[in-house]
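Novice: Okay, handing you the structure first.
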Amino acid sequence: MFNHLLQSGRIGTLTLKNRMKFAATNTNYCEMDGSVTDREIAFLAERAKGGAAMVCSQGGYPHLLGKGYFGQMGLHDDKLLPGLEKLARAIHDGGALANCEIMHGGNYAHPAKYGIKGEPVGPTAMEPKLPRYAPCRELTRDEIKELVEVYGQTARRIKAAGFDALEIACLTGYLLVSFLLPRTNHR
């Protein structure tokens, strides 16, 4: 049943030594400005040494308004590249391919909680379903176009940092999945 698990495989142009991946996991180990810490690097380096073919970072926010939780990794600024480069290198040194996840918190973001000016955003203005979240503001068409550019710039940063792959989080109430659900998108 598991005989294929340890066989090599391919994803596009990437060759994986086996078919195991360490999935994105929120560690809360990054600095308040989103920069990668030695603790974050050590955590993922150990996962890489564990034998998985690919190790994914925690979900990083591509825009300040997308910061969803304390200790989340930032991908929004070139000044973060040195830490991201160290992270990708540590994963490679552990024997795995390095994957980076882009995750915009959308209406689950907490910009004000982290001293960031602005409100959570989504496809439609709405009140939060849970008391720990703030009301979210509807994105304008121009802001949506800007976010498309932001995701492109984030992908550029990820590549420049030396990651082999990236994945885009589209799950559990975060920004992108909010565009797909009739409950959160009334456009």
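Novice: Condition test on GLY50, is it closer than 18 Å to GLU167 by Cα and among the small types (Gly, Ala, Ser)? Walk me through how you get there before you give the answer.
Specialist: On the way: closer than 18 Å to GLU167 by Cα: no; among the small types (Gly, Ala, Ser): yes.
Spelling it out, it is not the case that GLY50 is closer than 18 Å to GLU167 by Cα and among the small types (Gly, Ala, Ser).
Novice: Still on this model: Which residue is farthest from LYS145 (Cα to Cα), if the candidates are limited to segment 24-56 and must be touching a residue at least 60 places away in the same chain (Cβ under 8 Å) and either touching an Asp or Glu at 6+ places or on another chain (Cβ under 8 Å) or crowded, with 18+ Cβ neighbours inside 10 Å (or both)? Show your work before the answer.
Specialist: We begin by selecting, within segment 24-56, every residue touching a residue at least 60 places away in the same chain (Cβ under 8 Å); these are 24, 32, 54, 56.
Checking the rest, the ones that are also either touching an Asp or Glu at 6+ places or on another chain (Cβ under 8 Å) or crowded, with 18+ Cβ neighbours inside 10 Å (or both) come to 24, 54, 56.
Details: ALA24: 27, MET54: 32, CYS56: 27 Å.
Selected residue: MET54.
Novice: Next question, about the same structure. Pairs, please: C-beta under 8 Å, at least 6 apart or cross-chain, first residue over 28 Å from GLY51 (Cβ atoms) and in segment 71-92, second aliphatic (A, V, I, L, M)?
Specialist: Every condition considered, the pairs that remain are GLY74/LEU80; HIS76/LEU64; HIS76/VAL150; LEU80/VAL36; LEU81/ALA160; LEU81/ALA161.
Novice: Can you spot a residue in segment 159-176 that is of a type in the set (A, V, I, L, M) and touching a Ser or Thr at 6+ places or on another chain (Cβ under 9 Å)?
Specialist: Within segment 159-176, one or more residues are of a type in the set (A, V, I, L, M) and touching a Ser or Thr at 6+ places or on another chain (Cβ under 9 Å).
Novice: Then there's this: Looking at (1) crowded, with 21+ Cβ neighbours inside 10 Å; (2) among the charged types (D, E, K, R); (3) touching a strand residue (DSSP E or B) at 6+ places or on another chain (Cβ under 6 Å), which is the one condition that is false for LYS21?
Specialist: The failed condition is (1).
Novice: Yes or no: GLY95 at pLDDT 95 or above, closer than 23 Å to VAL36 by Cβ, part of a loop (DSSP other than H, G, I, E, B) and more than 19 Å from the chain's Cα centre (by Cα)?
Specialist: Taking the combined requirement at face value, the residue satisfies it.
Novice: When only residues in segment 107-139 that are in contact with a Cys (Cβ under 9 Å, 6 or more places away or on another chain) and among the charged types (D, E, K, R) count, which is surrounded by the fewest Cβ atoms within 10 Å (Cβ to Cβ)?
Specialist: GLU127
Novice: Which condition number in (1) touching a residue at least 60 places away in the same chain (Cβ under 8 Å); (2) touching a strand residue (DSSP E or B) at 6+ places or on another chain (Cβ under 6 Å) is the one that ALA160 fails?
Specialist: With (1) touching a residue at least 60 places away in the same chain (Cβ under 8 Å); (2) touching a strand residue (DSSP E or B) at 6+ places or on another chain (Cβ under 6 Å) applied to ALA160, the lone miss is (2).
Novice: Say whether the condition of being touching a strand residue (DSSP E or B) at 6+ places or on another chain (Cβ under 6 Å) and among the small types (Gly, Ala, Ser) is met by at least one residue in segment 107-120.
Specialist: We begin by selecting, within segment 107-120, every residue touching a strand residue (DSSP E or B) at 6+ places or on another chain (Cβ under 6 Å); these are 107, 119-120.
Retained after the next criterion (residues that are among the small types (Gly, Ala, Ser)): none.
No, that holds for no residue.
The values are calculated or read from the model by the stated rules, or taken from the named source; none is laboratory data. It should be emphasised that the depicted structure is a prediction, and the values quoted were computed from it without experimental measurement. Virtual Cβ from ideal backbone geometry, glycine too; neighbours counted across all protein chains shown.
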